[in-house]
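Okay, so here's the structure we're looking at.
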Amino acid sequence: MDSDQKATVEMMKDSYGLDHVLLREPRGASARVYLFGGQVTSWKNERQEELLFMSSKALFKPPKAIRGGIPICFPQFGNSGSLEQHGFARNKFWTIDNNPPPLPANDYHNKAIVDLILKSNDDDLKSWPYCFELRLRVALAPGGDLTLISRIRNIDSKSFTFSFAYHTYFCVSDISEVRIEGLETLDYLDNLQDKERFTEQSDAITFESEVDRVYLSTPTKIAILDHEKKRTFVLRKDGLPDAVVWNPWEKKAKAIVDFGDDEYKHMLCVDGAAIEKPITLRPGEEWKGRIELSAVASSYCSGQLDPQRVLEG
Ligand code: TA6
């Protein structure tokens with residue numbers, strides 16, 4: 001597509017018969033959003049490089065969640081109580097939202113956009129007895145920035161409380177050459193040590209073994225620097241105070257059926273999330289949580305790039 005063309009939104013079916021939407025912007029970037037799970041499964045830059053991790057063993061067989069991309073974790077992150085791990089939103093079929101929130105022209109000029117919705121049904125009510133509407137807007141901007149906005153409305157007659165995460169699998173060249181900037185000095189809950197609370201001591205997060213943490217009260221912007229690819233992912237978030245950082249490393253990777261034994265080397269989950277302080281909505285109230293992902297060239301090589309500049313830019 002050349003630059004004077006418009007952004008496009010195409011309904012497609014994959015080889016498994018699953019419906020998805022292909023978003024393309026004029027300079028060639030694209031994103032795929034599956035109606036199953038309301039899940040972004042692909043985000044490519046103008047050079048058709050895949051920026052999100054998708055396991056080669058991912059099962060596109062509902063109701064099993066697709067291993068990769070950006071699964072939506074709602075109404076819970078984690079596995080407490082009667083709900084399945086990370087809730088049921090990623091295991092359900094969503095539909096195109098025919099009554100989407102307004103599209104302010106200046107926000108969405110020439111962006112490729114799809115609006116999806118998941119409404120509570122009788123089956124959901126058995127495991128989570130609250131009526132809700134979960135809307136997801138996915139917008140691909142000229143140049144390739146990807147925005148996800150979720151809106152959760154309580155349409156019940158009683159309040160409910162939930163936690164939420166965009167469980168984002170970034171594609172990285174080599175996890176041992178990746179660092180995260182923006183979480184230093186923060187407290188985190190360590191899922192590998194019974195969710196015990198610690199304070200991050202290092203001036204950047206690097207990876208030599210399994211990491212499974214929820215960083216608390218994190219900044220709006222987090223940078224993920226891929227040294228080998230000279231690429232920095234910038235995650236901007238609103239309404240999502242926490243950030244999950246997860247890499248299963250070798251032993252855990254081998255134990256996950258829909259995950260290749262060596263794939264831990266090429267992925268890193270950094271999730272915009274609301275976990276420490278679950279959100280309570282009274283009847284009629286709505287919550288909104290947003291992430292914006294961008295991938296910028298970074299000449300980060302032994303300190304040349306000032307990560308702080310990326311975070312402040
Ligand atoms: O903190 C991230 C995490 O909860 C890990 O413990 C691991 O279970 C990961 O999510 C993947 O979960 P899933 O249900 O997608 O296999």
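The values are calculated or read from the model by the stated rules, or taken from the named source; none is laboratory data. Being a predicted model, the structure only gives us computed values, none of them experimental. All Cβ positions, glycine included, derive from the backbone under ideal geometry; neighbour counts span all protein chains shown. For the accessible areas, the whole protein counts, side chains as well, though only heavy atoms, and no ligand, DNA or RNA atoms are used. Shrake-Rupley method; radii C 1.70, N 1.55, O 1.52, S 1.80 Å.
Which GluC sites (Glu not before Pro) from segment 249-291 combine a DSSP loop assignment with at most 16 other Cβ atoms within 10 Å?
GLU285
Given H placed on each backbone N at 1.01 Å, which residues far from TYR34 in sequence or on other chains put an amide H within less than 5 Å of it?
VAL21, GLN39, VAL40, THR41
Rank HIS86, HIS266 by accessible area, highest first, at a 1.4 Å probe radius?
HIS266, HIS86
May I ask you to give the percent of accessible area on segment 8-312 that is carbon plus sulfur, with a probe radius of 1.4 Å? Could the numbers behind the result be given before it?
On the way: 6270 of 13040 Å².
Of the solvent-accessible surface of segment 8-312, carbon and sulfur hold 48 percent.
Magnitude of the Cβ-charge dipole of segment 1-111, K/R +1 and D/E -1, about the Cα centre, nearest 20 debye? Write down the numbers at each step before the final one.
Numbers: 14 positive and 12 negative charges, 87 e Å.
About 420 debye.
Segment 107-181: which trypsin sites (Lys or Arg not before Pro) are DSSP loop and have at most 11 other beta-carbon atoms within 10 angstrom?
Of the trypsin sites (Lys or Arg not before Pro), the ones in loops of segment 107-181 whose Cβ has at most 11 other Cβ atoms within 10 Å are LYS158.
Could you tell me the accessible area of SER217 in Å² (1.4 Å probe, neighbours in place), rounded to the nearest ten?
Answer for SER217: close to 70 Å² accessible.
Loop only by DSSP, 11 or fewer other Cβ within 10 Å of the Cβ. Give me the GluC sites (Glu not before Pro) in segment 165-216 that pass, ordered by residue number.
The qualifying sites are GLU208.
Keeping all protein chains in place, calculate the accessible area per residue for segment 155-313 (probe 1.4 angstrom), answer in Å².
Roughly 44 Å² per residue, with all protein chains present.
About its Cα centre, how strong a charge dipole does the chain have in debye, to the nearest 20, once Lys and Arg get +1 and Asp and Glu get -1 at the Cβ? Don't skip to the end; give the middle numbers.
On the way: 40 positive and 48 negative charges, 165 e Å.
Charge dipole, the chain, about its Cα centre: 800 debye, nearest 20.
Provide, as a two-decimal number, the C-alpha radius of gyration of the chain over 2.2 N^0.38 Å, N being how many residues it has.
This ratio for the chain stands at 0.96.
When we measure straight from the Cα of LYS277, which lysines land under 29 angstrom away, once same-chain ones fewer than 8 places off are left out?
Within the straight-line limit of under 29 Å, LYS277 reaches these lysines: LYS64, LYS92, LYS119, LYS126, LYS158, LYS195, LYS221, LYS237, LYS252, LYS288.
Among TRP246, GLY38, LEU146, whose Cα sits farthest toward the positive end of the charge dipole of the chain (+1 at Cβ of Lys/Arg, -1 at Cβ of Asp/Glu, about the Cα centre)?
GLY38
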